[in-house]
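The values are calculated or read from the model by the stated rules, or taken from the named source; none is laboratory data. Values in this document were obtained by computation on a predicted structure and should not be read as measured data. FYI the Cβ positions are ideal-geometry reconstructions off the backbone, even for glycines, and counts take in every protein chain you see.
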């Protein structure tokens, strides 16, 4: 049985720019192509979210089975691993121009710690998160689906940077997707 895969990492890629090779001055100019190249179409953030919701719904049984065998908390390498993930995510958010303004005036260590505590509590680890619910903590941010997709791309990249497998990436992404309605409060 093939395992379902999520299009998240692919859908987050921006339109690829293909550089045309330049001809040297000694070569004759190339003949024009018989048809114009059509650039790939990047789905809108709303379309990307809809695709993610569909993919996550399709993989729910398999993800639940994996979690029952070994909690995601353990597969994310416990508290130390989750803290490393959130530090990497916050670092990437601060380097991501469209969303970094949400984080620039905050202490990155405090943000990473709170998010780690939330993830630890929600993935099968000890209940260590003392903070407010997601809606309360995100209300003033007025996040959009675009912000959600961009932040999700940073999460995927952080997990890849830290050498997590596709199953763990998919599970983290689907966890985020399941919580989206609590953080995306703007149209």
* **All positions within region 67-77 that are on the phi < 0 side of the Ramachandran plot and surrounded by fewer than 18 Cβ atoms within 10 Å (Cβ to Cβ)** => 67, 68, 69, 70, 71, 74
* Asked: If residue 67 satisfies every condition in (1) modelled with pLDDT under 95; (2) more than 30 Å from residue 113 (Cβ to Cβ) but one, which is the exception?
  -> (2)
* **All helices (runs of 4 or more DSSP H) inside region 78-172 with 3 or more residues being touching a helix residue (DSSP H, G or I) at 6+ places or on another chain (Cβ under 8 Å), modelled with pLDDT of 95 or more and farther than 18 Å from residue 182 by Cβ** => 78-94, 108-122, 145-161
* **Residue list for region 78-102, filter: surrounded by fewer than 16 Cβ atoms within 10 Å (Cβ to Cβ) and free of Cβ contacts under 8 Å to residues at least 40 places away in the same chain** => 80, 95, 97, 100, 101
* Structure fact -> Among the residues of region 56-100, the number that are within 25 Å of residue 138 (Cα to Cα) and under 18 Å from the mean Cα position of the chain (by Cα) is 25
* Go through region 173-187 and give me each residue that's outside any loop (DSSP other than H, G, I, E, B) and either under 18 Å from residue 67 (Cα atoms) or in contact with a helix residue (DSSP H, G or I) (Cβ under 7 Å, 6 or more places away or on another chain) (or both). => 173, 174, 175, 176, 177, 178, 179, 180, 182, 183
